[in-house]
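Enquirer: Take a look at the following structure, please.
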């Protein structure tokens with residue numbers, strides 16, 4: 001079924017998710033702006049607000065709330081587009097999931113704003129937030145599961161009607177991402193329900209810190225791929241349609257997503273290389289599995305640039321790089337995502353450094369990690385989401401992406417690129433100089449720390465300039481969203497924005513690639529091999545447990 005426009009009912013739930021995402025986005029970027037000035041000792045917060053409240057809000061609102069609500073809006077619109085309108089049951093459960101996720105988010109934000117949960121986005125024990133903060137986190141995850149299972153139900157209904165057929169590539173990739181998300185969340189659900197909530201409410205005296213961190217990072221690293229895979233869906237399926245091409249290889253695209261399910265979860269220990277309590281063998285095993293994730297990323301890069309070159313040559317591109325000039329650089333929907341891909345190259349290289357034991361010793365817990373996070377998630381993922389926004393909002397609202405808004409969109413992409421380049425580069429350099437992360441401005445009165453602030457354009461000043469440009473860019477983006485939501489001219493029948501889905505030839509695609517029992521089974525086996533013994537040792541050899549600490 002080829003449904004050109006999403007139904008009004010399906011559109012509404014996607015719009016609610018999208019609206020919630022962008023409210024979180026603008027508040028989160030404001031918190032980021034405050035941080036860069038506080039770290040420069042250029043801003044003093046009022047007594048009722050402290051740096052760690054701002055830092056916690058920044059991480060949660062951008063890394064969790066904005067990304068998750070946007071992803072589900074994208075999935076809901078795309079699944080309705082590719083598999084047909086939602087049934088009443090599927091639609092109802094999407095709404096229930098949205099409201100549960102929103103309730104959890106609001107509860108978490110209230111705890112942070114009232115100063116009861118300045119535990120940062122990673123919420124490491126033994127820092128202890130109010131119990132309702134962890135209840136909010138649990139509701140957030142449960143809400144996403146409800147929306148995810150509703151979409152899987154829609155997918156299963158399509159499979160029953162089309163027995164023997166491979167599902168559309170967009171639907172396959174969506175289901176892959178939801179499967180990864182559900183399996184990954186098992187770790188954070190376990191630590192929140194069975195460790196943090198009883199501990200925070202005083203039902204138990206202490207918490208096993210090492211176990212809680214390990215369960216968090218069981219979730220924390222695949223979380224990165226929960227952000228990345230929707231961007232990859234856009235790269236594989238949306239971008240080829242925008243440039244007038246087709247998916248390079250249906251088989252390769254499906255295989256790459258399966259490999260992400262297999263290798264992105266049993267790798268959390270590479271975030272804990274400096275922590276005691278985990279033997280070197282298990283750290284080595286999970287580090288080796290971490291490098292396996294590079295394979296599907298390289299497959300994706302090959303597929304995308306093959307698509308670009310094939311299309312460029314179809315349009316008359318000659319010579320080694322003549323095809324580059326034939327790509328639609330004046331289409332911001334393409335240019336924004338191409339720039340996002342380009343940023344992922346240094347970001348991926350930095351990830352290899354983070355996962356390498358010897359090099360990780362140099363940059364662990366420094367500003368390098370913050371710079372890496374922004375150049376991988378804050379640019380490739382975020383900018384891809386921006387590129388999707390420029391057509392997704394008009395697709396859902398029925399309004400026109402006018403020429404003036406397109407010019408503004410180019411300005412937004414340019415300013416975000418410049419701001420992120422300045423800020424993340426400064427953060428990488430500060431990390432190499434030993435500047436710590438997770439701290440407000442601190443005068444160490446030591447010559448090693450003086451280099452962090454040397455010169456008129458010190459790295460800290462450069463970081464503040466970049467952060468200011470980023471906030472300007474965020475403001476422009478939200479203005480564009482508001483215009484596309486309420487004020488841009490309504491589209492007529494001939495100018496309606498469609499959901500761009502590229503042609504994908506699945507005739508020769510092996511059907512085993514959609515054998516979910518097989519791939520989920522292998523993923524669970526890998527997880528069991530990587531985690532069963534070390535987690536059992538943490539539980540068996542656990543100390544009495546730590547009491548809670550509040551340092552704010």
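Enquirer: If a residue must be part of a helix (DSSP H, G or I) and in contact (Cβ under 8 Å) with a residue 60 or more places away in the chain, how many such residues does the range 226-261 contain?
Expert: Within the range 226-261, residues that are part of a helix (DSSP H, G or I) and in contact (Cβ under 8 Å) with a residue 60 or more places away in the chain number 25.
Enquirer: Does residue 132 satisfy the condition of being more than 18 Å from the chain's Cα centre (by Cα) and part of a helix (DSSP H, G or I)? Even if it seems obvious, please write down each step before you answer.
Expert: Details: more than 18 Å from the chain's Cα centre (by Cα): yes; part of a helix (DSSP H, G or I): yes.
The answer is yes for residue 132.
Enquirer: Going residue by residue through the range 183-195, is there one that turns out to be closer than 26 Å to residue 250 by Cβ and in contact (Cβ under 8 Å) with a residue 60 or more places away in the chain?
Expert: As a first pass, look at the range 183-195 and keep what is closer than 26 Å to residue 250 by Cβ: 183-184.
With the extra rule that they be in contact (Cβ under 8 Å) with a residue 60 or more places away in the chain, the set shrinks to 183-184.
Yes, the range 183-195 contains at least one residue that is closer than 26 Å to residue 250 by Cβ and in contact (Cβ under 8 Å) with a residue 60 or more places away in the chain.
Enquirer: Could you go through the range 65-83 and let me know if any residue there is out of contact with any strand residue (DSSP E or B) (no Cβ under 6 Å at 6 or more places or on another chain) and under 20 Å from residue 118 (Cα atoms).
Expert: Within the range 65-83, the first condition is being out of contact with any strand residue (DSSP E or B) (no Cβ under 6 Å at 6 or more places or on another chain), and the residues that meet it are 65-83.
In the following step, the residues that additionally are under 20 Å from residue 118 (Cα atoms) were identified as 65-66.
Scanning the range 65-83 turns up at least one residue that is out of contact with any strand residue (DSSP E or B) (no Cβ under 6 Å at 6 or more places or on another chain) and under 20 Å from residue 118 (Cα atoms).
Enquirer: Let me ask something else. Could you check the range 271-304 and list, in sequence order, the residues that are closer than 16 Å to residue 355 by Cα, in a helix (DSSP H, G or I) and under 19 Å from the mean Cα position of the chain (by Cα)?
Expert: 271, 290, 294, 297
Enquirer: Is at least one residue of the range 395-408 within 20 Å of residue 62 (Cβ to Cβ), in contact (Cβ under 8 Å) with a residue 40 or more places away in the chain and not assigned by TED's automatic domain parsing to the domain that holds residue 14?
Expert: So in the range 395-408, the residues within 20 Å of residue 62 (Cβ to Cβ) come out as none.
Checked against the condition, which is being within 20 Å of residue 62 (Cβ to Cβ), in contact (Cβ under 8 Å) with a residue 40 or more places away in the chain and not assigned by TED's automatic domain parsing to the domain that holds residue 14, the range 395-408 yields no hits at all.
Enquirer: Condition test on residue 510, is it modelled with pLDDT of 90 or more, touching a strand residue (DSSP E or B) at 6+ places or on another chain (Cβ under 7 Å) and surrounded by fewer than 17 Cβ atoms within 10 Å (Cβ to Cβ)? Working first, answer last.
Expert: Values: modelled with pLDDT of 90 or more: yes; touching a strand residue (DSSP E or B) at 6+ places or on another chain (Cβ under 7 Å): no; surrounded by fewer than 17 Cβ atoms within 10 Å (Cβ to Cβ): yes.
Judged against the criteria, residue 510 is not a match.
Enquirer: Pick from 481, 461, 512: which is in contact (Cβ under 8 Å) with a residue 40 or more places away in the chain and over 16 Å from residue 39 (Cα atoms)?
Expert: Values: 461 fails: over 16 Å from residue 39 (Cα atoms); 512 fails: in contact (Cβ under 8 Å) with a residue 40 or more places away in the chain.
Just one listed residue meets the conditions, 481.
Enquirer: Considering every residue within the range 356-367, establish whether at least one is surrounded by fewer than 19 Cβ atoms within 10 Å (Cβ to Cβ), on the phi < 0 side of the Ramachandran plot, without any contact (Cβ under 8 Å) to a residue 60 or more places away in the chain and part of a helix (DSSP H, G or I).
Expert: Within the range 356-367, one or more residues are surrounded by fewer than 19 Cβ atoms within 10 Å (Cβ to Cβ), on the phi < 0 side of the Ramachandran plot, without any contact (Cβ under 8 Å) to a residue 60 or more places away in the chain and part of a helix (DSSP H, G or I).
Enquirer: Which is under 23 Å from residue 385 (Cα atoms), touching a residue at least 12 places away in the same chain (Cβ under 8 Å) and in a loop (DSSP other than H, G, I, E, B), of 121, 85? Working first, answer last.
Expert: On the way: 85 fails: under 23 Å from residue 385 (Cα atoms).
On inspection, the qualifying residue turns out to be 121.
Enquirer: Here is a follow-up. Test of understanding: among 73, 77, which residue is under 24 Å from residue 23 (Cα atoms), in the same structural domain as residue 146 (by TED's automatic domain parsing), in contact with a helix residue (DSSP H, G or I) (Cβ under 6 Å, 6 or more places away or on another chain) and surrounded by 24 or more Cβ atoms within 10 Å (Cβ to Cβ)? Talk me through it step by step, then tell me what you get.
Expert: On the way: 77 fails: surrounded by 24 or more Cβ atoms within 10 Å (Cβ to Cβ).
None of the other options fit; the residue is 73.
Enquirer: Kindly indicate whether residue 216 is within 30 Å of residue 503 (Cα to Cα), in a helix (DSSP H, G or I) and at pLDDT 95 or above.
Expert: On the way: within 30 Å of residue 503 (Cα to Cα): no; in a helix (DSSP H, G or I): yes; at pLDDT 95 or above: yes.
In short, no.
Enquirer: Which of the residues that make up the range 532-552 are over 30 Å from residue 52 (Cα atoms) and either over 32 Å from the mean Cα position of the chain (by Cα) or in a loop (DSSP other than H, G, I, E, B) (or both)?
Expert: Keep residues of the range 532-552 that are over 30 Å from residue 52 (Cα atoms), which gives 532-537, 539-541.
Within the range 532-552, 540, 541 meet the criteria.
Enquirer: Picking from 370, 332, which residue would you name as being buried (at least 20 other Cβ atoms within 10 Å of the Cβ), under 19 Å from residue 245 (Cα atoms) and touching a helix residue (DSSP H, G or I) at 6+ places or on another chain (Cβ under 7 Å)? I'd like the intermediate steps shown before the answer.
Expert: Details: 370 fails: under 19 Å from residue 245 (Cα atoms).
After ruling out the rest, the residue left standing is 332.
Enquirer: Here are 485, 452: which of them is over 30 Å from residue 15 (Cβ atoms), surrounded by 16 or more Cβ atoms within 10 Å (Cβ to Cβ) and in the same structural domain as residue 405 (by TED's automatic domain parsing)? Write out each step before concluding.
Expert: Numbers: 485 fails: over 30 Å from residue 15 (Cβ atoms).
452 is the lone residue from the list that is over 30 Å from residue 15 (Cβ atoms), surrounded by 16 or more Cβ atoms within 10 Å (Cβ to Cβ) and in the same structural domain as residue 405 (by TED's automatic domain parsing).
Enquirer: Contact list please: Cβ distance under 6 Å, first residue in the range 307-325 and closer than 17 Å to residue 341 by Cα, second residue assigned to a loop (DSSP other than H, G, I, E, B), pairs at least six apart or on different chains.
Expert: Partner pairs satisfying both residue conditions: 307/245; 307/248.
Enquirer: So which pairs qualify, if the first residue must be in the range 515-539 and farther than 20 Å from residue 219 by Cβ, the second must be surrounded by 18 or more Cβ atoms within 10 Å (Cβ to Cβ) and modelled with pLDDT of 95 or more, the Cβ gap must be under 8 Å, and the two must be at least 6 apart or on different chains?
Expert: Pairs that qualify, where the first residue is farther than 20 Å from residue 219 by Cβ and the partner is surrounded by 18 or more Cβ atoms within 10 Å (Cβ to Cβ) and modelled with pLDDT of 95 or more, are 516/175; 516/179.
Enquirer: Checking residue 224 against (1) within 18 Å of the chain's Cα centre (by Cα); (2) more than 24 Å from residue 542 (Cβ to Cβ); (3) crowded, with 22+ Cβ neighbours inside 10 Å, which test does it fail?
Expert: (3)
Enquirer: Given the structure, is residue 100 buried (at least 21 other Cβ atoms within 10 Å of the Cβ), touching a residue at least 12 places away in the same chain (Cβ under 8 Å) and in a helix (DSSP H, G or I)?
Expert: Values: buried (at least 21 other Cβ atoms within 10 Å of the Cβ): no; touching a residue at least 12 places away in the same chain (Cβ under 8 Å): yes; in a helix (DSSP H, G or I): yes.
Criteria not met by residue 100.
The values are calculated or read from the model by the stated rules, or taken from the named source; none is laboratory data. Being a predicted model, the structure only gives us computed values, none of them experimental. In this analysis, Cβ positions are derived from the backbone assuming ideal geometry, glycine residues included, and neighbour counts consider all displayed protein chains.
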